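Right, one structure below, let's go through it.
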Amino acid sequence: MTQPGFFNVEERLARLSGLGDQLEAFSQTVDFEEFRPELNKALAYSDGSKGGRPPFDPVLMFKILVIQTLNNLSDEQMEYLINDRLSFMRFLGLGLSDRVPDARTVWLFRERLTQAGAIDVLFNRFDATLRNAGYLPMSGQILDATLVAAPKQRNTNEEKADLQEGRIPQDWQDKPSKLSHKDRHARWTLKFTKAKRQDDGSMPATDLAIPFFGYKSHISIDRKFRLIRKWKTTDAAASDGVISPFLVGF
């Protein structure tokens, strides 16, 4: 197998364009630089005078969130596919040798925007830009929810009780390093799945209920264009019936 060269990559990208690269169409439709002032205000990064590795460009990171919502990807899947897909690299303006944000960096960026109350505003503006460009949800919506696993937490019964009540356990408050490694928002739920057919061809009387710990990603997809128009992340125990009104009627 020969080593891929610059012209090989360019030829492959040209072929992707010919096949209809959706992300390339977004790049031509949306001026992502218009989001920079609002991103800078929400993120409030330091000027770098204290040293340390500089953060990734906020516009690049916002474009990563756009890809993530369009494809309903976890942070780990996002990291892998940025490294794997030429179309993702081109949309983000990354070369094969450029540093790629890891899953933790993507999570921290999204969390910082969420804490600043800016993420809904940014995505509503992005959605409005798509609408103005003709990407209209004219054929109905599909609502879906996907469970996203989180690392299991080994907490005591007292700590679990505090978390259920929305409190930070006292022991964690006294140990900031421990608190930073604890997931306080993921919850347990039961994931129901159809039982497998038995050897004689008959079906068991009940389905399977599998304990699951993590989050739930709720999405609203345009039925025709398959665009993810809205999304919301909750703990895994949140009811779909409570979230559905948030996703409908925009």
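The values are calculated or read from the model by the stated rules, or taken from the named source; none is laboratory data. Fair warning: this is a prediction, and the values are worked out from it, not measured in the lab. Every residue, glycine as well, gets a Cβ built from its backbone with ideal geometry; the counts of neighbours run over all protein chains shown.
Just a few scattered comments:
Condition check ((1) of a type in the set (K, R); (2) modelled with pLDDT of 75 or more; (3) under 30 Å from K232 (Cβ atoms)) across all residues:
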position	(1), (2), (3)
D47	no, no, no
K50	yes, no, no
M61	no, yes, yes
S74	no, yes, yes
M89	no, yes, yes
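- Residue that is modelled with the highest pLDDT [pool: residues in the range 161-200 that are closer than 16 Å to P151 by Cα and small (G, A, S)]: A186
- Of everything listed in (1) surrounded by 14 or more Cβ atoms within 10 Å (Cβ to Cβ); (2) within 25 Å of P54 (Cβ to Cβ), the single unmet condition for F123 is (2).
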